Every structure is written in structure tokens, then in C-alpha cells.
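Read the figures in this text as sums done on the coordinates, not as results from a lab. Since this is a predicted model, take the numbers as computed values, not measurements. Virtual Cβ from ideal backbone geometry, glycine too; neighbours counted across all protein chains shown.
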Amino acid sequence: MQNDLLLKAARGEKTERVPVWLMRQAGRILPGYRKIRASVSDFTELVKTPELACEATLEPVNVLGVDAAIIFSDILVIPEAMGLPYQMIESKGPHFEKTIKTEKDIDALRIGTIADWEYVCNAIKITKKELAGKVPLIGFAGSPWTIFAYMTEGSGSKTFSVAKRMLYSNPAMAHRLLDKITQTTIQYLKDQVSAGAQIVQIFDSWGGILGVDTYNEFSLKYIARICDELSKLVPVIAFPKGAFFAAHDIAKLNCRAIGLDWTASPKEARTILKNKTLQGNLDPCVLYADKAVIRKAVNAMINEFGTQNYIANLGHGVYPDTQVDSVKHFIEAVKEYKA
């Protein structure tokens with residue numbers, strides 16, 4: 001492989017410099033992506049067309065110079081595979097016409113198989129071939145709790161009170177749903193690895209809306225099951241956004257790397273997560289600043305994390321109205337860092 005910095009860092013091996021990639025790097029910040037997106041009727045058509053998903057995946061590698069590609073897909077492949085279809089509404093986000101409310105609704109869900117996400121695996125195969133070892137390819141899935149939240153709410157939410165209500169009013173039912181999601185997610189990620197993904201990330205996007213006890217019971221234990229299975233195959237990055245309050249428990253996960261959002265202290269993370277590679281955690285809004293501010297923030301971030309067992313990234317996905325030049329400058333600043 002021409003550039004295996006990400007894999008080395010994730011495995012805890014020595015690297016000659018800090019690797020860098022961005023969550024949502026294959027998105028609206030890039031003119032090439034906007035052109036691809038305009039060629040299809042909606043977002044889901046893009047996700048389900050392997051050749052176009054490959055093109056979108058490669059765009060940031062070629063334009064931005066990141067050290068990894070992440071397959072262009074969506075975390076909601078899982079509920080659809082289980083029998084709960086969704087629509088992606090422009091400027092609003094995902095919408096599920098039907099949601100999970102009863103035990104019968106859970107009974108009706110199936111454990112997904114390769115037939116349900118073959119389009120993702122085909123996109124991975126095509127992309128892996130096109131990359132030709134240039135950089136590693138990341139596969140991903142949402143955490144079971146995050147998927148649970150969408151399947152019960154039907155969309156994003158400020159409070160996720162519908163999803164959380166089930167945890168308190170019917171915990172046994174909540175665990176049944178989480179178990180089905182987890183079984184499907186494990187198979188989905190294993191199939192991504194079989195197709196060519198060399199590392200996987202679990203996006204626990206809504207972990208931070210739970211309390212310490214509910215987080216451990218309804219999110220972390222299911223992430224742990226995924227890590228136990230997938231870490232036998234490839235390095236695993238767990239990204240528990242907003243859940244650093246559970247850092248001592250997160251440290252016990254059987255995964256090599258932990259992604260951090262900007263609310264986490266690098267020094268505290270190094271102390272608690274001492275055996276892990278850390279990833280993150282620049283506030284995406286820093287990229288609205290001028291180049292001098294961006295470079296200063298990058299230098300400060302790497303000074304705190306150190307150059308080893310570290311992957312530079314934002315603390316969340318890059319925002320769609322960020323200027324491409326600012327993103328490029330962030331990447332260059334990481335690559336040019338001098339202690």
C-alpha cells in the first residue's frame with residue numbers, strides 16, 4: 001500500500017506523520033460531489049448506485065489529499081435492510097413513514113443479509129480496485145442505539161423523547177430491538193470487510209443524549225458486541241459523540257481507536273484511554289476561520305494529542321457550507337505539523 005498511515009496509527013504502530021481524514025469528507029463541500037448528486041433523483045439513488053458511490057468516495061482522496069477514503073453510504077442502510085424503509089428529504093434529513101412502536105413491529109423486522117446491502121459491498125469492491133492501494137478504505141455503520149433512535153422517532157429530534165421513553169417504559173422491548181439491530185450490524189460490517197474495507201468506524205451519533213447509566217446499558221454494551229466481533233478482522237474505531245462522560249467504560253471496549261468530539265479534553269482522553277489510538281477532535285466551526293487560525297488550532301490539537309497513536313480529524317462531520325480551501329488548509333496543516 002502506498003499510504004497506510006491510518007492503518008498503522010489505528011493499530012498503534014509508529015507513523016512518520018499524523019494521518020488525517022474527515023467525517024463527511026465526501027459531501028457537499030466538493031463541487032465534484034454536487035455534480036454527481038445532481039445527476040440522480042435523490043440521495044438514496046446515489047447510495048444505491050455503486051459506480052456513483054465509488055466516484056463520490058474517491059473525490060476527497062483526489063481533491064483534498066486525505067489519508068483515507070470512507071465508502072459513500074448512509075447509516076440507515078440498516079433499518080431499510082431490516083424492513084423499515086426511509087426517505088431522505090432534502091434540507092430536512094431522513095424520514096420514516098412507519099416507526100417501531102410495538103412488540104409486533106419488532107417481530108416483523110428481519111435480520112439483514114448480504115442481499116439487502118449488496119450495493120454497498122459492490123461499491124466497496126469497485127472503490128478498492130480504483131484506489132489501487134493509494135490509501136486505506138474505511139467501512140462504517142451507525143451504533144445500534146443511534147439506529148434505534150431513528151427507527152422509533154422516525155426522523156432526527158431535539159430531545160429523542162420517543163426513543164428514550166421506550167428505554168424507561170419498556171426496557172425489555174428496547175433490548176429486543178437493540179439486539180436485532182446489533183445482529184444485523186455485525187453481519188453488515190463483516191460483509192463490508194469481506195468486500196474490501198480495511199478498517200471500520202461505528203458512529204454513535206446520538207450517544208450523548210443518554211445519561212451514564214442508560215448509555216452503558218442501551219448503547220455501550222451493544223457497541224461492545226460489535227467491537228468484539230469485528231476487531232478479530234480489522235481495526236475498529238468507535239466514535240461515541242458527546243459521550244465522553246462514559247470514558248472509563250469506553251476504555252474497556254475491544255477496539256483499537258476511539259473518536260472524540262470537540263467537547264473532550266485531549267489530555268484527559270490520553271489519561272483515561274491510554275491504551276487506545278485517539279481520533280479527532282477539532283470543532284468543525286474552526287474551519288470557518290482564516291488560515292492562520294486554522295493552522296494555530298491544528299498545531300495546538302496535535303501538541304496535546306501527540307504525533308503517535310493519533311489520527312487527526314474533526315470532532316464531527318465537516319459542515320456542508322465550509323469552503324474547500326479551508327478544508328485543504330486543515331489537511332495541509334496536519335501534514336506539515338512540526339513539533
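Net charge in the neighbourhood of Gly242 (other residues with Cβ under 10 Å of its Cβ; Lys, Arg +1, Asp, Glu -1) is -1. Using Cα-only point scatterers and the Debye equation, what is log10 of I(q)/I(0) for the range 26-173 at each q in 0.11, 0.20 Å⁻¹, rounded to two decimals? Here log10 of I(q) over I(0) equals -0.49, -1.22. Amide H contacts under 5 Å for Gln201: Gly139, Phe140, Ala141, Ile237, restricted to partners 5 or more places along the chain or on a different chain, H placed in the peptide plane at 1.01 Å from N. Residue-wise HN-Hα couplings along the range 105-118, as the Karplus relation 6.51 cos²θ - 1.76 cosθ + 1.60 with θ = phi - 60° gives them from phi, are 4, 5, 4, 6, 6, 10, 7, x, 9, 3, 4, 7, 10, 4 Hz; Gly and Pro carry x. Taking Cα atoms only, the orientation of helix 324-335 departs from the longest principal axis of the chain by about 70 degrees. The Asn299 and His248 beta-carbon pair, evaluated with R₀ = 30 Å, returns a calculated FRET efficiency of approximately 0.55. With the convex hull of its Cα atoms as the shape, the range 186-265 has an orientation-averaged projected area of 5.0 nm². Among Ile294, Ile311, a tally of other beta-carbon atoms within 10 Å of each Cβ gives an order, fewest to most, of Ile294, Ile311.
Within the shell of other residues whose beta carbon sits under 9 angstrom from the beta carbon of Thr277, the net charge comes to +3, with Lys and Arg scored +1 and Asp and Glu -1.
Scanning the chain for cysteines with no neighbouring cysteine C-beta under 4.7 angstrom from their C-beta gives Cys54, Cys121, Cys285.
Counted residue by residue at 0.36 nm each, then reduced by the alpha carbon distance between them, the extension gain from Ala292 to Glu268 reaches 6.0 nm. Dividing the radius of gyration of the alpha carbons in the range 5-335 by their Kirkwood radius gives 0.94 for Rg/Rh. Over the range 274-339, the pair-distance histogram of Cα-Cα distances with 5 Å bins from zero comes to 3, 18, 32, 25, 13, 6, 2, 0 percent, rounded to whole numbers. Coupling constants for the range 189-201 follow from the phi torsions by the Karplus curve (6.51 cos²θ - 1.76 cosθ + 1.60, θ = phi - 60°), and in residue order they are 5, 4, 5, 4, 5, 4, 6, x, 5, 9, 7, 10, 10 Hz; glycine and proline get x.
Among Arg225, Arg28, the order by Cβ neighbours within 10 angstrom, fewest to most, reads Arg28, Arg225. From most to least packed by mean Cβ count within 10 Å, the peptides 279-289, 316-326 give 279-289, 316-326.
Taken one residue at a time, the phi angles of the range 156-164 give Karplus couplings (6.51, -1.76, 1.60, θ = phi - 60°) of x, 7, 7, 10, 6, 5, 5, 4, 5 Hz. Gly and Pro are set to x. Return the FRET efficiency for the residue pair Asp283, Lys14: r is the Cβ-Cβ distance, R0 is 22 Å, and the value is rounded to the nearest 0.05. Efficiency computed from Cβ-Cβ geometry: 0.15. Under a model in which nothing but the beta-carbon of Lys, Arg (+1) and Asp, Glu (-1) is charged, the range 5-335 shows a dipole of about 680 debye around its Cα centre. When a/c reaches 1.5 or more, the comparison of a/b and b/c decides; with that in mind, is the range 1-72 rounded, prolate or oblate per its Cα gyration tensor? Prolate shape, in that a/c is at least 1.5 and a/b is the bigger ratio. You can think of it this way: the chain between Lys134 and Lys101 has 7.3 nm of extra reach, that is 0.36 nm per residue less the Cα-Cα gap.
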